[in-house]
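Peer 1: One structure is given below, represented as structure tokens, and several questions about it will come after.
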Amino acid sequence: MIVDFRYHVVTLVAVFLALGIGIIIGSALLGNDAIVQQQKEITDRLEAQLQEIRLENKAVQAKLNEMEVNRTIQQQFEKQVLPALITGKLEGKNIAIIETNNYGLRDELLGTLEMAGAQVTSITTILNGLNPGNQKDDIVADLGLKDGETNEVIEQLSRSMAEGIVTGQKQVVLNTLSQAGLIKSVGEYGMPLNAVIIVGGSPDKSLIATKVIDNVIINYFLKEGIAVFGVEESDVAYSYMKDYQKFNISTVDNIETAPGQLALVYAIAGKPGHYGVKTTAKRLLPTLEAPEVNKNE
């Protein structure tokens with residue numbers, strides 16, 4: 001447990017002040033040297049405790065500094081080893097990425113996929129849980145959707161969006177959602193896909209909409225015969241891993257890390273599983289293959 005040095009200092013200062021007042025009052029009322037001596041002994045003990053806290057704090061800080069150095073070395077090692085393990089693993093594969101909670105896709109993930117030889121054809125980011133709010137009636141009318149409760153409309157939008165990503169024939173839907181501020185999109189739709197990566201997890205319980213967004217999207221792609229991989233970062237407040245695993249798809253719960261990105265590449269390359277650091281993960285990593293060695297070199 002890390003010692004809160006400032007808290008202890010404030011506490012001890014308050015105690016010293018109280019003792020000082022006690023000495024003054026005691027001396028004035030009783031004039032007893034024994035009381036003054038007792039107060040001095042208490043003060044001396046408190047000073048000794050304060051010195052002990054200072055030493056503990058220095059030891060804790062030194063340990064933290066050591067841990068930070070080790071973490072930096074580990075990260076450097078992972079970044080240097082990663083290319084040797086993934087280069088060419090996803091050569092020729094087209095991959096679409098869908099963010100369902102706008103955490104902000106990390107450049108490292110895109111770099112890893114490209115390093116592995118994959119082409120990220122499109123990135124679609126869902127905003128505000130696809131909730132049309134006061135635009136619902138207009139969106140329903142413009143897209144010819146079946147009117148209903150908000151969740152029913154969101155479910156239809158999720159399915160249409162997924163269909164647009166695959167076929168490229170729902171451009172009107174995608175444009176409407178973009179203009180309404182419900183999605184952001186980058187890339188080209190309608191290209192043949194080998195895999196779809198769903199980036200989930202939620203920072204707020206009220207934003208969880210897996211039943212009408214994630215589940216609908218995953219179900220659509222699986223029916224189209226396209227492999228789906230569910231991922232999230234290790235520090236999300238609310239995990240989607242259990243929901244994703246109900247579809248028997250591979251999952252990675254620490255995608256912001258080099259081990260998580262390595263696990264995702266190998267899962268897409270043909271080693272399915274539930275990887276990461278949370279209780280829903282079965283292993284940290286799949287069985288890795290050593291890089292091929294050219295004996296002629």
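Peer 1: Looking at segment 122-133, which of the residues that are over 20 Å from the mean Cα position of the chain (by Cα) and in contact (Cβ under 8 Å) with a residue 24 or more places away in the chain is surrounded by the most Cβ atoms within 10 Å (Cβ to Cβ)?
Peer 2: Applying the filter and picking the extreme gives Leu130.
One line per residue, one yes/no per condition, for (1) under 27 Å from Thr251 (Cα atoms); (2) touching a residue at least 40 places away in the same chain (Cβ under 8 Å); (3) under 28 Å from the mean Cα position of the chain (by Cα):
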position	(1), (2), (3)
Val140	no, no, no
Gly144	no, no, no
Asp147	no, no, no
Pro192	yes, yes, no
Asp204	yes, no, yes
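Peer 1: Take segment 152-167 and flag every residue that is surrounded by fewer than 15 Cβ atoms within 10 Å (Cβ to Cβ) and within 18 Å of Lys211 (Cα to Cα).
Peer 2: Once the filter is applied, which keeps residues that are surrounded by fewer than 15 Cβ atoms within 10 Å (Cβ to Cβ) and within 18 Å of Lys211 (Cα to Cα), segment 152-167 yields only Glu152.
Peer 1: Could you please let me know if Glu114 is of a type in the set (Asp, Glu) and either surrounded by 14 or more Cβ atoms within 10 Å (Cβ to Cβ) or outside any loop (DSSP other than H, G, I, E, B) (or both)?
Peer 2: Considered against the rule, which asks whether it is of a type in the set (Asp, Glu) and either surrounded by 14 or more Cβ atoms within 10 Å (Cβ to Cβ) or outside any loop (DSSP other than H, G, I, E, B) (or both), Glu114 comes out as yes.
Peer 1: Just checking, how many residues over segment 58-78 are of a type in the set (Lys, Arg) and either modelled with pLDDT of 75 or more or in contact with a Pro (Cβ under 9 Å, 6 or more places away or on another chain) (or both)?
Peer 2: Going through segment 58-78 one residue at a time, the tally reaches 2.
Peer 1: Something else now. Can you tell me how many residues in segment 232-288 are closer than 18 Å to Tyr103 by Cα and among the aromatic types (Phe, Trp, Tyr)?
Peer 2: 3
Peer 1: Against the condition under 30 Å from Ala263 (Cα atoms), touching a residue at least 60 places away in the same chain (Cβ under 8 Å), assigned by TED's automatic domain parsing to the domain that holds Glu188 and touching a strand residue (DSSP E or B) at 6+ places or on another chain (Cβ under 6 Å), how does Glu108 come out, does it pass?
Peer 2: No: the conditions fail for Glu108.
Peer 1: Let me ask you something else. Name the residue, out of Lys170, Lys136, that is farther than 20 Å from Ile97 by Cβ, buried (at least 18 other Cβ atoms within 10 Å of the Cβ) and touching a Ser or Thr at 6+ places or on another chain (Cβ under 8 Å).
Peer 2: After applying the criteria, what remains is Lys136.
The values are calculated or read from the model by the stated rules, or taken from the named source; none is laboratory data. Every value quoted in this text rests on a predicted model; they were computed, and no experiment measured them. FYI the Cβ positions are ideal-geometry reconstructions off the backbone, even for glycines, and counts take in every protein chain you see.
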